[in-house]
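Shown next, in structure tokens, is the structure this report addresses.
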Amino acid sequence: MRESQKVAAKPKPQKIDKIALIVRPESPELADACKEVIAIFERFGVEVCVLESSVASLGLDPRLACKESELGERAQALVSLGGDGTLISAVRKSLGLGLPVLGINMGRLGFLTAIKPSELEEFVPLLKSGGYVIDSHHLLQGLLMDSQEDSALGEQFDKIENFVKGTDRESANLPQNFQNLQSPTAIPRILEEKKGAECEKSASSSLRDTAEAVARQSTHNAQKSKKVDSMDCHDLPSKSRNDRKLDSSENIFYVLNEILITKKDISGMTKIYATINNEHFHTYRADGLIIATPTGSSAYNISAGGSLVHPQCRVILLTPVCAHSLTQRPMIVSDNFCLQFSVEEDSVIMLDGQERIDFRKGDTLFVQGSFPIQLIQHPKRSYFAVLEEKFGLGGKQV
């Protein structure tokens, strides 16, 4: 087998004796199931903690409560109880902690979840012995540049253009840490250095300052006229454009499934300009554009006519939503490329269907492949078996 054809080895499963249970806070219908799940784990000697935001609403023992900042110390894995949406929330909480995520399906589809509640009792011994399987799923990393910051960028913009070229990062002449933001170890550093800081930026600051702020995760930028809130890479809280901050994280976000660029209003369509590695690729005229990971290929992407792609493939999927042309077809590109998007009119960006961000005319969205997260799977549950079970694809020959 050629070097380029070799598949990376799967991470080695570790023995798990402590877990944190992730449940939607206001889900009283899950209270009984949650208590039963906790009882099963404790019966096998597994320590359980639950985020304090869920403990009260579910009527759980207060001694189980833990803060989100304590997850790295009190758990060796995160366990989501719900559907794929709850699992995605758990994945976001795992960023920077290096914790694998197990999904217990209480939803309708549960494509990403590993087991049903009825299977938990036989699965817990696999967790304790390390007999489960780890599947790696690569995220997409997005960087949103504010149009209001463009007035004084000047020639420094060339540095970002060189950096985002997937084939020319080493010669971009940017600080090394900026290039290493795809590393999961960068996230806790971002979070640690921005805590409690007033991170505001002058509209006259140069792009060099912006790039270096991302590289250093600086929390001491020059004052800016409008105050905006920062994005927390743990839970990616919802915010509007006026609540955004060009601070240490420089509006960097991560998605497991997809980024959706779509119109603000129900009527009309949006025009989206797409550039790949600094070369104009296409102008989409459609209701929206889905930028998906292989993991997300089975979500909104497939509903819009995109391809199914195995999660081990390192690609990015571009799928227009209700395109205004028969020639605007889905496209698959390498996740080594850097994609750049802008819009003709004010639009919105949706992250994994859970967060909305304003995307204004003149703004620029950069997207590229990022680091992997780890999902715990049953050793007898393959990707293709799930396709058959959930979508009716494949099946045995008759």
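Values quoted throughout were computed directly from the atomic coordinates according to the rules given, and no laboratory measurement underlies them. Bear in mind the structure is a predicted one, so any value in this text is a computation, not a measurement. Don't worry about glycine lacking a Cβ; one is built from the backbone with ideal geometry, like all the others, and counts go over all protein chains shown.
Conditions first: (1) more than 21 Å from residue 128 (Cα to Cα); (2) without any contact (Cβ under 8 Å) to a residue 24 or more places away in the chain. Residue 30 passes all but one, so which condition is the exception?
(2)
From the list 109, 64, which one is farther than 29 Å from residue 138 by Cα, in contact with a helix residue (DSSP H, G or I) (Cβ under 9 Å, 6 or more places away or on another chain) and not charged (D, E, K, R)?
Exactly one of 109, 64 is farther than 29 Å from residue 138 by Cα, in contact with a helix residue (DSSP H, G or I) (Cβ under 9 Å, 6 or more places away or on another chain) and not charged (D, E, K, R), namely 64.
Let's see how each residue does on (1) assigned to a loop (DSSP other than H, G, I, E, B); (2) surrounded by 22 or more Cβ atoms within 10 Å (Cβ to Cβ):
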| position | (1), (2) |
| --- | --- |
| 90 | no, yes |
| 97 | yes, no |
| 103 | no, yes |
| 108 | yes, no |
| 113 | yes, yes |
| 118 | no, no |
| 121 | no, no |
| 125 | no, no |
| 128 | no, no |
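Taking the range 23-67 as the search range and keeping residues that are surrounded by 16 or more Cβ atoms within 10 Å (Cβ to Cβ) and of a type in the set (D, E, K, R), which one is farthest from the chain's Cα centre (by Cα)?
That would be 52.
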